[in-house]
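These notes concern the structure reproduced below.
The values are calculated or read from the model by the stated rules, or taken from the named source; none is laboratory data. Predicted model only: the values in this text are computed from it and were never measured. Counting neighbours? That spans all protein chains shown, and the Cβs are built from the backbone with ideal geometry, glycine included. Areas reflect the complete protein model, heavy atoms only, side chains present, ligands, DNA and RNA absent. Shrake-Rupley method; radii C 1.70, N 1.55, O 1.52, S 1.80 Å.
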Amino acid sequence: MIKAAVIGLGKMGISHAAILGGLPEVELAAVCDTDGLIQSGFGKLTRIPFFTDYRKMIDTVRPDCVYVITPTRMHYEMVKYALEKGCHVFCEKPFALTVGQGEEMVALAREKGVVNQVGYHNRYIGTFNEMKRLLAAGVIGRPFHFIGEAYGPVVLKKKGSTWRSDKKSGGGCIEDYAAHVLNLIDYVTGSRLTGCAGVQMPSIFSKEVDDATYGSLVLENGLRGQISVNWSDDTVRKMTTSVKIQGDGGKLEADATTLKIYVKEDKPEFGLEKGWNFRYITDVTDPVAFNLRGEEYTAETEDFIDAIRTGRTEGRNSFESALNTDRIIAAMTADWESSLKKEEK
């Protein structure tokens, strides 16, 4: 039995706690939050030990793994403390607010030899994984362009600040929304994002942070494309994420429910006919033990727990892969700030 502890009981923290509690090989040994109402609720409805100090929780319970599900500015100190105590660590995205912090956490996890994972759940969605497989197999020939998109109704008017709209706590749309898309492009293409140009990060309603992120990107393998992300878009009911890749032999388009495949000739070895083909999430998703909010959230935790059980320290969503995303975020932010300075002159 693997003892797990969760720090941070907001929407995602409660979701992770529920998933952990539903897995037969996991004991949810403790939870931690500073909110009195949440503490009262857990005390009335569960027998799970509740702490308000994460250090005390880790020192007292000595969990095998710790889930850090807090605002981004808290990740660094909490992850480091858990790592120093020899815990395996799952950290929600984005990984860190600075590349330097991320590098320290990557190095410490490597030194301790523990399992480490960041919550980029799109890497566990069946349609994106099938897209990755078909792209690698050369189904659309030589790829020459991609576009990654995400839209959602998060900030739709000028209002009081939350941790997401605080530059030092959440980092804005580029950290909260665009990070998902950037990480997914890395994963699907199998090549690391290394450069950017023409970045725009407009503040539509927020005062301190961007509400949208646009720009051109380049991958290590030379493939180029664009990103278009906006969390102030009320034309959608909830966050929608998609990736499109154009090749000289066809096209792939995927979101969280559907993969569209266009090929210029029959490919019977892949079960594809000339023209458009469709594969749906139900066709390309493996069952999970406990489904909450979507199979991908349980799938990422099952992978994390399996890695702990088998001693596999390099996983699909490692700290290192998340650090790559943080690096391109830093580069895009620098590009945008540089263009603003030029305009001021």
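Protein-only accessible surface at a 1.4 angstrom probe places the residues Tyr177, Tyr280, Tyr262 in the order Tyr280, Tyr262, Tyr177, largest first.
Computed from the C-beta positions of Glu84 and Trp276 and an R0 of 41 Å, the FRET efficiency is 0.20 to the nearest 0.05.
For region 1-101, the fraction of C-alpha pairs farther apart than 19 angstrom is 36 percent. Taking label points 7 Å from Cα along the Cα-to-Cβ direction, Ala107 and Lys207 give a separation of 3.7 nm. Straight Cα distances below 23 angstrom link Lys267 to the lysines Lys132, Lys244, Lys251, with same-chain residues fewer than 8 positions distant left out. In this calculation the C-beta distance from Phe290 to Arg316 is compared with R0 = 22 Å, giving a FRET efficiency of 0.70. Enter the accessible area of Ile281 (Å², nearest 10), with the probe set to 1.4 Å and all protein chains included. The accessible area of Ile281 comes to roughly 40 Å². Rank Pro24, Gly148, Ile305 by how far each Cα sits towards the positive end of the charge dipole of the chain (+1 on Lys, Arg Cβ; -1 on Asp, Glu Cβ) and give me just the farthest. Of the options given, the answer is Gly148. Averaged over its residues, the chain has an accessible area of 46 Å² per residue, based on protein heavy atoms and a 1.4 Å probe.
Taking all protein chains together and a 1.4 Å probe, the residues Val236, Val6 rank Val236, Val6 from largest to smallest accessible area.
Taken along the Cα-to-beta-carbon direction at a fixed 7 Å, the label points for Glu149 and Lys238 span 2.0 nm. For the chain, modelled as a Gaussian network with Cα springs under 10 Å, which listed residue fluctuates most, Ala289, Ala96, Ala179? It is Ala289. Placing unit charges on the Cβ atoms of the charged side chains and taking the dipole of region 222-305 about its Cα centre, the candidate lying farthest along the positive direction among Val229, Ile281, Gly294 is Val229.
In terms of its Cα atoms, the chain spans 61, 57, 40 Å along the principal axes, sorted from long to short. Seen against the Cα atoms of the chain and their longest principal axis, helix 319-344 is set at about 70 degrees. Here the gap between Thr98 and Ser338, fully extended at 0.36 nm per residue and compared with their Cα-Cα distance, gives a gain of 84.6 nm. Seen against the Cα atoms of the chain and their longest principal axis, helix 295-310 is set at about 60 degrees.
On the basis of the beta-carbon distance and an R0 of 41 Å, Val218 and Lys11 show a calculated FRET efficiency of 0.75. Considering only Tyr124, Gly172, Tyr81, and ranking their Cα positions along the charge dipole of the chain that arises from unit charges at the beta-carbon of Lys, Arg, Asp and Glu, the one farthest toward the positive end is Gly172.
Rg over Rh for region 222-339 works out to 1.02, using Cα positions for both radii and the Kirkwood form for Rh. Once you reduce region 18-52 and region 85-105 to the center of their Cα atoms, the two points are 23 Å from each other.
Per-residue surface analysis assigns Ser40 an accessible area of about 50 Å², computed on protein heavy atoms at 1.4 Å probe radius.
Measuring nothing but protein heavy atoms, the accessible surface of region 249-318 at 1.4 Å probe radius is 46 percent carbon and sulfur. Net charge dipole, the chain: roughly 460 debye, given to the nearest 20, about the Cα centre with Cβ charges of +1 for Lys and Arg and -1 for Asp and Glu.
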